[in-house]
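Chemist: Questions regarding the structure given below will be posed in turn.
The values are calculated or read from the model by the stated rules, or taken from the named source; none is laboratory data. As the structure is a computational prediction, the values presented were derived from the model and not from experiment. Heads up, the Cβs are rebuilt from the backbone with ideal geometry, glycines too, and the neighbour counts pull from every protein chain shown.
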């Protein structure tokens, strides 16, 4: 191979290698989050609210007007959490984009004495009668159980009652553990009805460990 051609190929290889290293050493792609925390009832800004993100970045505090800003965040999806004594904690999802500022407005509700105790709410969100190819009937019940108080509920049981058109009521119990403040257990279950149809489904009893 001619020496001139070999030299040219060597220079080209060096340029490619150098270019790859330069690309890998480029600046991080970042964006920012700016926003305000407001009182849900009055609409006024709330000072000294603690804000944090997941994935973690700096923990910051709102100014006297409730304003805040996170700068130089890597591009991606974040969970932004705001909390202040006397108010309920609030979390929202925020997408940080390259060289852009994502605006956020958070509303916090002031807690009262009742909200400082543990409470569990449950409801039937939907129920559907079903019949298979053999003519056997059943009902699928969809529900939501929510920790509507403060603190974590270690263990809970919710009993649902299904009223039928011919065979009497059916009961079904849902059990769970470690339901954190504001967290919901959303699910469904199926109850065999032996040829009958469900005419109503509702929560019969709620129990939880305090």
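Chemist: Taking residue 178 as meeting all but one of (1) farther than 23 Å from residue 92 by Cα; (2) without any contact (Cβ under 8 Å) to a residue 40 or more places away in the chain; (3) assigned to a strand (DSSP E or B), write down the number of the exception.
Modeler: Every listed condition holds for residue 178 apart from (1).
Listed here are the residues, each with its yes/no results for (1) in contact with a strand residue (DSSP E or B) (Cβ under 7 Å, 6 or more places away or on another chain); (2) within 20 Å of residue 131 (Cβ to Cβ); (3) not assigned by TED's automatic domain parsing to the domain that holds residue 125.
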{"site": "142", "(1), (2), (3)": "yes, yes, no"}
{"site": "147", "(1), (2), (3)": "yes, no, no"}
{"site": "153", "(1), (2), (3)": "yes, no, no"}
{"site": "157", "(1), (2), (3)": "yes, no, no"}
{"site": "166", "(1), (2), (3)": "no, yes, no"}
{"site": "173", "(1), (2), (3)": "yes, no, no"}
{"site": "180", "(1), (2), (3)": "yes, no, no"}
{"site": "192", "(1), (2), (3)": "yes, yes, no"}
{"site": "196", "(1), (2), (3)": "yes, yes, no"}
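Chemist: In region 52-110, what residues are under 19 Å from residue 29 (Cβ atoms) and either buried (at least 16 other Cβ atoms within 10 Å of the Cβ) or touching a helix residue (DSSP H, G or I) at 6+ places or on another chain (Cβ under 8 Å) (or both)? Walk me through it before giving the result.
Modeler: If we filter region 52-110 for residues that are under 19 Å from residue 29 (Cβ atoms), which is where we start, we get 53, 55-58, 69-78, 94-102.
Passing the criteria: 53, 57, 70, 73, 78, 94, 96, 102.
Chemist: Being farther than 15 Å from residue 35 by Cβ and either outside any loop (DSSP other than H, G, I, E, B) or in contact with a strand residue (DSSP E or B) (Cβ under 7 Å, 6 or more places away or on another chain) (or both) is the filter here, so list the residues in region 85-96 that pass it. I'd like the intermediate steps shown before the answer.
Modeler: Filtering region 85-96 down to residues farther than 15 Å from residue 35 by Cβ leaves 85-89.
Across region 85-96, the qualifying residues are 86, 87, 88, 89.
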